[in-house]
Amino acid sequence: MNAIKLHGRFLSLQHRLGGFWPIVIGFVIMFGVMVMGVAAYMTIEGWPFFDSLYQVIITLSTVGFQEVNPLSEQGRAATMLLIVCGVGSFAYLVGSFTQVLIEGRLQKIFGRRRVQKAIDKLSGHIIVCGCGRIGAIVTEKIMAEGQRVVVIEKDLEVVRELEEKGILHLAGDATDDEMLLGAGIERAKSLVAALHQEAANVYVTLTARQINAGLFIVARADSPPHIPKLKRAGADQVLIPHLFGGVRMAQSVLRPTVTSFLELALSRSDIDLQMEELRIEADSEVVNQNLIESKIRPRFDLIVIGIKKSSGEMVFNPQPQAVLEAGDTMILVGKRDDLDRLRAIL
């Protein structure tokens with residue numbers, strides 16, 4: 001477990017540094033070469049620390065100064081090895097720095113670092129993996145609700161659109177652990193796996209569940225036989241977009257009034273009506289009270305159409321004597337202002 005955490009922190013650090021990562025590696029290698037050179041002179045020649053350090057500096061800088069003290073045959077061999085390693089390390093460091101400048105990536109790197117810093121400050125946000133037709137709609141609806149969202153997308157054209165819209169995002173493959181860690185999956189509350197490939201959604205779901213056991217995961221499937229795979233991988237809900245769309249169209253034909261009501265209650269329309277779910281906390285004013293005692297209907301002018309118990313049982317059209325317990329989730333219909341007033345006491 002410690003090895004997994006250490007690997008995760010390493011990937012997170014690498015992601016934060018981005019294009020500066022090769023430069024950092026170059027400095028680390030140079031420092032390592034210097035330490036080994038000093039240790040070699042002190043061990044082989046028996047020189048004091050300062051003399052050994054001075055010899056390493058003049059050797060790596062290739063200034064051509066005379067040795068501090070006469071070198072033995074073993075000391076000369078160590079010096080030759082030091083020159084080869086030092087020159088190679090310096091060439092790698094210069095090459096990495098030049099690549100950052102020549103490719104014109106410096107401004108992009110600083111831009112990504114600003115985005116990463118903003119993401120690092122988030123907690124309780126939602127991660128959307130894949131911003132295609134489905135992911136784009138999901139992102140739009142989440143943002144319309146005022147929720148914080150981070151998108152992971154590898155299509156450069158879509159990434160540019162996200163930049164123009166000012167949506168927090170990471171450009172990369174969501175199947176990479178580095179991307180998920182960079183998106184703050186350890187602090188997120190939900191994840192939507194909306195990638196085109198079925199196997200990719202399974203992998204993202206499995207990885208996300210291992211990193212954050214309390215994460216609520218919604219995954220996209222292409223057909224019903226794939227639902228059990230995603231469930232076993234750790235998805236809380238699995239949806240098939242084309243199946244859901246077909247059912248919605250059929251309901252629009254068979255029960256147009258019901259469908260219109262649901263669209264009205266679930267969408268941000270001009271009419272002040274909304275369907276919402278609110279969780280009852282342990283310190284709520286209405287905990288351990290029945291619906292009559294809670295006075296939700298007369299006090300807030302809201303209709304309770306269902307209660308999901310903490311055990312997972314769903315109670316539709318609850319009776320007035322139904323007791324509200326900590327951990328229960330109420331499904332209500334009413335005005336947004338009334339819902340916000342009730343949310344404040346829960």
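The values are calculated or read from the model by the stated rules, or taken from the named source; none is laboratory data. On a predicted model such as this, the values are computed, not experimentally measured, just so you know. Every residue, glycine among them, receives a Cβ derived from its backbone with ideal geometry; neighbour counts consider all protein chains shown.
Of note:
- Reported count of residues in segment 308-326, each being within 18 Å of residue 339 (Cα to Cα) and either part of a loop (DSSP other than H, G, I, E, B) or over 31 Å from the mean Cα position of the chain (by Cα) (or both), is 1.
Residues are listed down the side, and each one gets a yes or a no for (1) under 20 Å from residue 194 (Cα atoms); (2) modelled with pLDDT of 85 or more; (3) surrounded by fewer than 13 Cβ atoms within 10 Å (Cβ to Cβ); (4) within 16 Å of the chain's Cα centre (by Cα):
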{"position": "78", "(1), (2), (3), (4)": "no, yes, no, no"}
{"position": "85", "(1), (2), (3), (4)": "no, yes, no, no"}
{"position": "94", "(1), (2), (3), (4)": "no, no, yes, no"}
{"position": "100", "(1), (2), (3), (4)": "no, no, no, no"}
{"position": "121", "(1), (2), (3), (4)": "no, yes, yes, yes"}
{"position": "136", "(1), (2), (3), (4)": "yes, yes, no, no"}
{"position": "147", "(1), (2), (3), (4)": "yes, yes, no, yes"}
{"position": "157", "(1), (2), (3), (4)": "yes, yes, yes, no"}
{"position": "163", "(1), (2), (3), (4)": "yes, yes, no, no"}
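- Within segment 320-336, if we keep just the residues that are hydrophobic (A, V, I, L, M, F, W, C) and closer than 12 Å to residue 303 by Cα, the residue that is surrounded by the most Cβ atoms within 10 Å (Cβ to Cβ) turns out to be 330.
- Only residues that are free of Cβ contacts under 8 Å to residues at least 60 places away in the same chain, touching an Asp or Glu at 6+ places or on another chain (Cβ under 7 Å) and assigned to a helix (DSSP H, G or I) were counted across segment 199-240, and they come to 2.
- Members of segment 191-224 that are over 20 Å from residue 132 (Cβ atoms) and at pLDDT below 90: 224
- Residue within segment 51-59 that is in the same structural domain as residue 27 (by TED's automatic domain parsing), exposed (fewer than 13 other Cβ atoms within 10 Å of the Cβ) and either farther than 30 Å from residue 21 by Cβ or of a type in the set (Gly, Ala, Ser) (or both) present: no
- Residue in segment 104-115 that is outside any helix (DSSP H, G or I), farther than 29 Å from residue 41 by Cβ and modelled with pLDDT under 85 present: yes
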